[in-house]
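The structure under discussion appears below in the form of structure tokens.
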Amino acid sequence: MKKLSKGFFFVFEGIDGSGKTTHLKYAKMALEREGFPVLATREPGGTVVAEKIRSLILEDTPVEKLCQEAELLLFLAARAQHVKNVVLPSVRSKNIVLCDRFLASTFAYQVYAQKVVNEAMFFLMNSLASYDLKPDFTFFFDVEVKEGLRRATKKREINRIDKKSIEFHQAVKKGFEGFFSKMPEDSWEKINTKNKFEKNKDKVIKRILEVITASR
Ligand SMILES: Nc1ncnc2c1ncn2[C@@H]1O[C@H](COP(=O)(O)OP(=O)(O)OP(=O)(O)O)[C@@H](O)[C@H]1O
Ligand SMILES: [Mg+2]
């Protein structure tokens, strides 16, 4: 096993069906083949408690609708559990952590599209939930909204958030774009997944290896 001098936290972001999970699984396999210690995880989820919160968020309960404020707080509660119990310990143990969704998703869905709280308040709440952990690098997978939804719903069960309108999903995409436009250029990369997976898969690995080598 290769030893790293520090741990790394890579985040995979984008709308539904943009290719996050496909790329993350491939990256895990490729990095492990190179001998690196890798942990693949996701948000909401990644711990027993946070996975329970995920079910609560995603299930469609006809009995009682989850209000938007409670939804945001649940996402952040799941993040606190996940960051404290899984991500931080794993980064401290010098692993490469690959995480499916993180801060940008909460911003795009809950802050930009649903306008649950203003940005200043959101970033304060998030700093509590994430213990101020920042990704070393974020990949933003980009695809047309309709194509993304078509891909996503073809391969898994449709959840409460998928069922929202096209306009909602378009607003989410804009939310991601706005979020990344304010981030330092060297902290993220947009991967257009209009092309076949094969065309992009090595871009992600190449960039991960560059980030690791640059700070070794
Ligand atoms: N260029 C591409 N990159 C990644 N996936 C692609 C690409 N082209 C087509 N696909 C297909 O699109 C689907 C993308 O789904 P994937 O589960 O990776 O997306 P996701 O972003 O994780 O979605 P969700 O938000 O629903 O979890 C997969 O079935 C994959 O094979
Ligand atoms: Mg996925």
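Taken together, the values in this text are just the output of simple stated rules run on the coordinates, not laboratory data. Since the model is a prediction, treat every value here as computed from it, not as a measurement. Counting neighbours? That spans all protein chains shown, and the Cβs are built from the backbone with ideal geometry, glycine included.
Below is a table of values for the structure above.
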| quantity | calculated |
| --- | --- |
| Trypsin sites (Lys or Arg not before Pro) within the range 1-37, DSSP loop, no more than 15 other Cβ atoms inside 10 Å | 2, 3, 6 |
| The chain, relative contact order [Cα under 8 Å, separation at least 6], % | 33 percent |
| HN-Hα J in Hz across the range 194-211 - Karplus 6.51, -1.76, 1.60, θ = phi - 60°, x for Gly and Pro | 5, 6, 4, 3, 3, 6, 9, 4, 7, 4, 5, 4, 4, 5, 4, 5, 4, 4 |
| Under-5 Å amide H pairs with residue 14, H placed in peptide plane, nonlocal only | 141 |
| Principal axis dimensions, largest first and in whole angstrom, of the chain by Cα | 51, 37, 31 |
| Leading residue at positive end of dipole, the range 8-214 (Cβ point charges), from 133, 61, 26 | 26 |
| Qualifying GluC sites (Glu not before Pro) in the range 1-108, DSSP loop, other Cβ atoms within 10 Å at most 13 | 34, 59, 64 |
| Residue 124-residue 33 pseudo-label distance in nm [points 7 Å out on the Cα-to-Cβ vector] | 4.8 nm |
| With 10 Å bins from 0: P(r) over the range 113-214, alpha-carbon pairs, percent | 12, 33, 39, 16, 0 |
| Distance-filtered residues of the range 102-128 - backbone nitrogen under 18 Å, label point 7 angstrom along residue 174 Cα→Cβ | 105-119 |
| Distance between modelled label sites at residue 94 and residue 5, nm, 7 Å Cα→Cβ extension | 1.1 nm |
| Distant-in-sequence amide H partners of residue 192 (H built 1.01 Å from N, under 5 Å) | 142 |
| When the convex hull of its Cα atoms is projected in every direction, mean area for the range 103-170 (nm²) | 5.6 nm² |
| Of 106, 153, 47, the one that fluctuates the most in a GNM where the chain has Cα springs shorter than 10 Å | 153 |
